[in-house]
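The values are calculated or read from the model by the stated rules, or taken from the named source; none is laboratory data. Keep in mind it's a predicted model, so treat the numbers as computed, not measured. FYI the Cβ positions are ideal-geometry reconstructions off the backbone, even for glycines, and counts take in every protein chain you see.
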Amino acid sequence: MKAGLLTLLCCAAALPARADSLVEHDYILNCAGCHRIDGSGSSTVPALPNMRDLAGNPEARTYWIRIPGAAQAPLSNARLAALMNWLVERFTGTAPAPRYTAEEVGRLRRKPLRDPLARREKILRGR
Amino acid sequence: MSRLDRWFEGMTRQSARRLSRRHWLSRFGGVLVGGAALPLLPVARAADENMVGADGVRGREGDPARCEYWRHCAIDGFLCSCCGGSHLACPPGTEMSPVTWIGTCRNPADGKDYIISYNDCCGRTFCGRCMCNRNEGERPLYHWYRNNDLNWCSGTKSQTYSCSTAVLVKVADEAQPEK
């Protein structure tokens, strides 16, 4: 029983570590196709460094997970949380505080945004 | 000069006396048919299989102009290698799309999985040569950014699809699909 509990604890501790080690891989396979490896986007896809415009805004935390590309990515909650912690820090220069957890991401991604660009405008205008 | 003429005349007459016309025809026919049949021999095919191609991979899996090339495991389209370009570069007159569909393929030379970016070349009408449709690890259309059935000619001047490349991005930490 003790050994089983210990194994369970070890696995639980190892899971986020594994998700963290896969962030770049997950980014390339699930984001970079459209946003490109350096995040610069194209004439039809938003550039990720523009995430800076929303940095520090209390609404941004929810918004970034509810963007359809993130919410509907074929990734587990733990891996999406790790990916978004890495991605927000990479493109805004500041890591989310507190860091996203699998539970929080799992809750937020259930409601993907229908019109992310309109929502972004609203957040920027403070409404 | 007359000595050369005489020599040739002698040779010709001698061969005409010794060899029948049919004899010559049969030999010549044998060379023609034999030469054409040579690549069909198992020896020739074995040589093809053992040829070391791109990325140090043997046989068809190492040939960027074939669907069996290892990087083409998730491709759906015409190979730029057959259309005046290569598996890394677009044919003249086309532009590489910055927006692309990305998958992973296993390199048989080292057994590792690699991330492959299938950038489309756009701007001329579709090439029509070397159509390949392997789709390993492709997602359904509702995961459109992991699907290859749609036109990835986006962010380019022209949306006309011509052919596809297979650019190696880096070693994959995990083969698709993700766990």
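Of the numbered conditions (1) out of contact with any His (no Cβ under 8 Å at 6 or more places or on another chain); (2) surrounded by 11 or more Cβ atoms within 10 Å (Cβ to Cβ), B:A37 satisfies every one except a single condition; which is it?
For B:A37, the failing item is (2).
Filter segment A:48-66 down to the residues that are hydrophobic (A, V, I, L, M, F, W, C), at pLDDT below 95 and either assigned to a loop (DSSP other than H, G, I, E, B) or touching a Lys or Arg at 6+ places or on another chain (Cβ under 6 Å) (or both) and list them by number.
Residue satisfying the conditions is A:A55 alone.
Pairs under 6 Å by beta carbon, first residue within 12 Å of chain B (Cβ to nearest Cβ) in segment A:38-51, partner part of a loop (DSSP other than H, G, I, E, B) and among the hydrophobic types (A, V, I, L, M, F, W, C), six or more apart or different chains?
What qualifies is A:S40/A:A47; A:G41/A:A47; A:S42/B:V99.
Restricted to segment A:52-75, and to residues that are at the interface with chain B (Cβ under 8 Å from one of its Cβ atoms) and not aliphatic (A, V, I, L, M), which residue is surrounded by the fewest Cβ atoms within 10 Å (Cβ to Cβ)?
A:Q72
Would you point out which residue out of B:G137, B:G155, B:G103 is part of a strand (DSSP E or B) and within 26 Å of A:H25 (Cα to Cα)?
From the options B:G137, B:G155, B:G103, the qualifying one is B:G103.
On the given criteria, is A:L80 closer than 28 Å to B:L141 by Cα, of a type in the set (A, V, I, L, M, F, W, C) and surrounded by 13 or more Cβ atoms within 10 Å (Cβ to Cβ)?
yes
Per-residue answers, yes or no, for (1) modelled with pLDDT under 95; (2) surrounded by fewer than 17 Cβ atoms within 10 Å (Cβ to Cβ); (3) under 15 Å from B:N119 (Cα atoms); (4) of a type in the set (D, E):
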position	(1), (2), (3), (4)
B:C130	no, no, no, no
B:G137	yes, no, no, no
B:P140	yes, yes, no, no
B:H143	yes, yes, no, no
B:N148	yes, no, yes, no
B:T156	yes, no, yes, no
B:S164	no, no, yes, no
B:A172	yes, no, no, no
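Of the residues B:G123, B:G93, B:G56, B:G85, which single one is farther than 30 Å from A:S42 by Cβ and not hydrophobic (A, V, I, L, M, F, W, C)?
After applying the criteria, what remains is B:G56.
Give me the pairs, please: first residue somewhere in segment B:133-156 and facing another protein chain (nearest Cβ under 8 Å), second residue anywhere and surrounded by fewer than 14 Cβ atoms within 10 Å (Cβ to Cβ), beta-carbon distance under 7 Å, and either six or more positions apart or on two chains.
Listed by first residue and then by second, the contacts come to B:S154/A:T44; B:G155/A:S43; B:G155/A:T44.
Please verify whether segment A:92-103 includes one or more residues that are basic (K, R) and surrounded by fewer than 17 Cβ atoms within 10 Å (Cβ to Cβ).
Looking for residues that are basic (K, R) and surrounded by fewer than 17 Cβ atoms within 10 Å (Cβ to Cβ), one finds at least one in segment A:92-103, hence yes.
Return the pairs, sorted by first residue and then second, in which the second residue is part of a strand (DSSP E or B) and among the aromatic types (F, W, Y), the first residue lies in segment B:98-121 and is more than 10 Å from chain A (Cβ to nearest Cβ) and over 11 Å from B:S164 (Cβ atoms), the beta carbons are less than 8 Å apart, and the residues are 6+ apart or on different chains.
Cβ pairs passing all conditions: B:C105/B:Y114; B:R106/B:Y114; B:N107/B:Y114.
Being in a loop (DSSP other than H, G, I, E, B), out of contact with any Pro (no Cβ under 8 Å at 6 or more places or on another chain) and of a type in the set (A, V, I, L, M, F, W, C) is the filter; apply it to segment B:43-100 and report the residue that is surrounded by the fewest Cβ atoms within 10 Å (Cβ to Cβ).
Here the residue is B:M51.
Output the number of residues of segment B:106-134 satisfying the condition of being part of a strand (DSSP E or B) and over 13 Å from B:G155 (Cα atoms).
10
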